[in-house]
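Written out below as structure tokens is the structure these notes cover.
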Amino acid sequence: MITIDHISKWYGKFQVLADCSTGIERGEVVVVCGPSGSGKSTLIKCVNGLEPVQEGAIRVNDVAVTDAGTNMARLRSQIGMVFQHFELYPHMSVLNNICLAQEKVLNRSREEARAKARSLLQRIDLSDQADKYPGQLSGGQQQRVAIARALAMDPIAMLFDEPTSALDPEMINEVLDVMVELATEGMTMMVVTHEMGFARKVADRVIFMDEGRIVEDAPTEEFFNTPRSDRAQAFLAKILQH
Amino acid sequence: MFGEFDTQIVVKSLPFLWQGLQLSLLLTGLGILGGVAAGTLLALMRLSSFKVFSLFSATYVNLIRSVPLILVIFWFYFLVPLAIGRPVGSFYSALIAFIIFEAAYYSEIIRAGIQSVARGQVWAGQATGLGYWQIQRYIVLPQAFRNMVPILLTQAIILFQDTSLVFVVSLRDFMTASAIVAQKEGRLVEMYTFAAAVYFVICFAGSMLVKRLSKEIAR
């Protein structure tokens, strides 16, 4: 469903992505990990074109993200994205956060959008928070709302960019639970995260990045049990020692 | 002349002064509306990735900010009629000059406001498929303006004071009306004291409002 084909990207002279290639099949859950500054967040932002690439091609559902003629808004409306810092709209209620793009992009009626938002809020157990503003919610609640906002568009795939990195430890699980549920329902997911427990539980594959390169791309069991590269071994040793 | 302070003359000329004040407020209000609208457009152009737009906006702002307001008024009152072959009229030359002038200042304020909105907010909008104008309209500008209200108001207070410049094109704003009465009745002290008091009350109330709003927003 998602094909990343030999992409490279530079910020000025600094190369952030170097010849990265991989793919994600329909229904697959892929976790991307690696040390900070390895390019994993940049990679995931390239998938829906939030960051441009200078070389290579990305295709989503056979539409080329990297072509100038592609209707990016249409493409993006089909791919949900969840950000590290939630990025809920602070001046809108929770309900309106979830309704905005439904109404303006999918042209759903107000009633239709609200009904969809309410059913999603029920699903993430936040029905009673619909009329609050994002600032009145905890970090974990905000991130669940952000997931609901993305799901409201009925996406064919979901991108998660470090969804739990900005959360207090006690709130991480409530967000991961929603993600696990999504994964078991068969959602196609690309997840940048350090939560190796989550990776073990639901990921089909793990991609390990370092210095802008995809160093390992292996089935989950294989990645954890027999990582091939030294760098992945060192990374796992550091992150799993507790 | 400094002998007796005649309050009667102020009371007697209140209806005339009120007409002047209405014109001052009308010019201020329309100047703000037009200035904010044009300023927003200029700010978006300045931040655009299209070089032509940002260059145009930057040139406009630098040019306008380098000339006195009264000169812009003269342009529209004296020079534009030469170009278009018919008079613009006092009211419209003043109003257009205010809008053109204020737009340059507002655009810099609004640009800072837009830049104060986190980059991730734009990403979030883009990621759900919203287009450029939708993102500006529903996500960026509401947040930007909320942060900018105090400074926009401060600029409005300055504009209110600047409307007194319209006397040069013989419009009867509040200041001009006061001056007319003062000259005609020979009551300079009374009228100019009263005018000062009115300006003070309005502008001071505005400043207080700015202070309160700033606190509100900082919360």
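The values are calculated or read from the model by the stated rules, or taken from the named source; none is laboratory data. Owing to the predicted nature of the structure, the values given are computational and were not obtained by experimental measurement. Here Cβ is always computed from backbone atoms with ideal geometry, including for glycine, and neighbour counts include all displayed protein chains. For the accessible areas, the whole protein counts, side chains as well, though only heavy atoms, and no ligand, DNA or RNA atoms are used. Shrake-Rupley method; radii C 1.70, N 1.55, O 1.52, S 1.80 Å.
Remark: the protein assembly as shown carries 48 Å² of accessible area per residue (probe radius 1.4 Å; ligands, DNA and RNA excluded). Taken over the C-alpha atoms, chain B has Rg and Dmax values of 20.9, 74 angstrom.
For A:Pro227, what is the net charge nearby, where nearby means another residue's Cβ is under 14 Å from its Cβ and Lys, Arg count +1, Asp, Glu -1?
-1
Relative contact order, whole percent, for chain B stands at 30, derived from Cα pairs under 8 Å and 6 or more residues apart. Counting Lys and Arg as +1 and Asp and Glu as -1 over every other residue whose Cβ lies under 11 Å from the Cβ of B:Ala43, the net charge comes to +1.
If you roll a 1.4 angstrom probe over the protein chains with everything in place, what fraction of the accessible area of region B:2-218 belongs to carbon and sulfur, to the nearest %?
Using a 1.4 Å probe with all protein chains present, region B:2-218 comes out at 68 percent carbon and sulfur.
The long axis of helix B:14-46 is offset from the longest Cα principal axis of chain B by roughly 20 degrees.
For the chain pair A and B, buried accessible area totals roughly 1600 Å², probe 1.4 Å, rounded to the nearest 100.
Working note: Cα atoms of the protein assembly as shown, range along each principal axis, descending, whole Å: 101, 49, 42. Would you mind classifying region B:21-116 by shape? Square roots of the alpha carbon gyration tensor eigenvalues, ordered a ≥ b ≥ c; an a/c under 1.5 is rounded, otherwise it is prolate if a/b is larger than b/c and oblate if not. The shape class here is oblate.
Given a cut-off of under 8 Å on Cα pairs at least six residues apart, what relative contact order in percent is computed for region B:96-187?
Contact order relative to length: 25 percent.
Magnitude of the charge dipole for region A:1-111, about its Cα centre and with charges confined to Cβ atoms of Lys, Arg (+1) and Asp, Glu (-1), is about 260 debye. What shape does region A:1-43 take by its C-alpha gyration tensor, where a ≥ b ≥ c are the square roots of the eigenvalues and a/c under 1.5 counts as rounded, a/b above b/c as prolate, and the rest as oblate? Because a/c hits 1.5 or more and a/b fails to exceed b/c, region A:1-43 counts as oblate.
Measuring against 21 Å, Cα to Cα, the residue pairs B:Lys12/B:Lys184; A:Lys9/A:Lys40; A:Lys40/B:Lys51 contain A:Lys40/B:Lys51 as the ones spanning a longer distance.
Using just the helices of chain B, give the 222 nm mean residue ellipticity in deg cm²/dmol: DSSP H runs with n ≥ 4 each add -39,500 (n - 2.57), and the total is spread over all residues, rounded to 500.
Values: 10 runs with 164 residues, N = 219.
Helices in chain B give a 222 nm mean residue ellipticity of -25000 deg cm²/dmol.
Placing unit charges on the Cβ atoms only, positive for Lys and Arg and negative for Asp and Glu, gives region B:2-218 a dipole magnitude near 740 debye about its Cα centre.
Buried on complex formation within region A:77-92 (loss of at least 50 square angstrom of accessible surface versus the isolated chain, 1.4 Å probe, ligands and nucleic acids ignored): A:Glu87, A:Tyr89, A:His91. Only helices enter the 222 nm calculation for chain A: every DSSP H run of n ≥ 4 contributes -39,500 (n - 2.57), and dividing by all residues gives -11000 deg cm²/dmol, rounded to 500.
A simple spin-label model places pseudo-atoms 7 Å from Cα toward Cβ; at A:Ser21 and B:Val11 they are separated by 9.4 nm. What FRET efficiency, computed as 1/(1 + (r/R0)^6) with R0 = 25 Å and r the Cβ-Cβ distance, is obtained for B:Leu47 and A:Ala68, rounded to the nearest 0.05? It comes to 0.70. The local environment of B:Ile110, defined by Cβ-Cβ distances under 15 Å, has a net charge of +3 under the rule Lys, Arg +1 and Asp, Glu -1.
In straight-distance terms, cross-link reach from A:Lys116 covers every one of the lysines whose alpha-carbon lies under 26 Å from its own, apart from those fewer than eight places away in the same chain; here that gives A:Lys104, A:Lys132. Excluding same-chain neighbours fewer than eight residues apart, the aspartates and glutamates reachable from A:Lys13 by a Cα-Cα span under 20 Å are A:Glu51, A:Glu55, A:Asp210, A:Glu211.
About its Cα centre, chain A has a charge dipole of approximately 560 debye under the convention of +1 per Lys or Arg Cβ and -1 per Asp or Glu Cβ, with nothing else charged. Distance distribution P(r), region B:119-219, all Cα-Cα pairs, bin width 10 angstrom from 0: 13, 27, 22, 18, 12, 6, 2 percent. Output the residues of region B:127-153 meeting this criterion: accessible area (heavy atoms, 1.4 Å probe) in the chain alone minus accessible area with all protein chains in place is 50 Å² or greater. Residues shielded by partner chains are B:Ala127, B:Thr128, B:Gly129, B:Leu130, B:Tyr138.
So, with a 1.4 angstrom probe, what is the percent of accessible area on chain A that is carbon and sulfur? Of the solvent-accessible surface of chain A, carbon and sulfur hold 45 percent. Relative contact order of chain A: 27 percent, from C-alpha pairs under 8 Å at least 6 residues apart in sequence.
Taking the Cα centre of chain A as the origin and placing charges on Cβ (Lys, Arg +1; Asp, Glu -1), which of A:Met171, A:Gln102, A:Gly56 is farthest toward the positive end of the dipole? The residue sitting most towards the positive pole is A:Gln102. Note on region B:2-218: dipole from Cβ charges, positive end direction compared against B:Ala43, B:Leu213, B:Ile151; the farthest Cα belongs to B:Ala43.
Answer rounded, prolate or oblate for region A:61-213, using the Cα gyration tensor with square roots of eigenvalues a ≥ b ≥ c: rounded when a/c is under 1.5, else prolate when a/b is larger than b/c, else oblate. Cα axes put region A:61-213 in the oblate bin.
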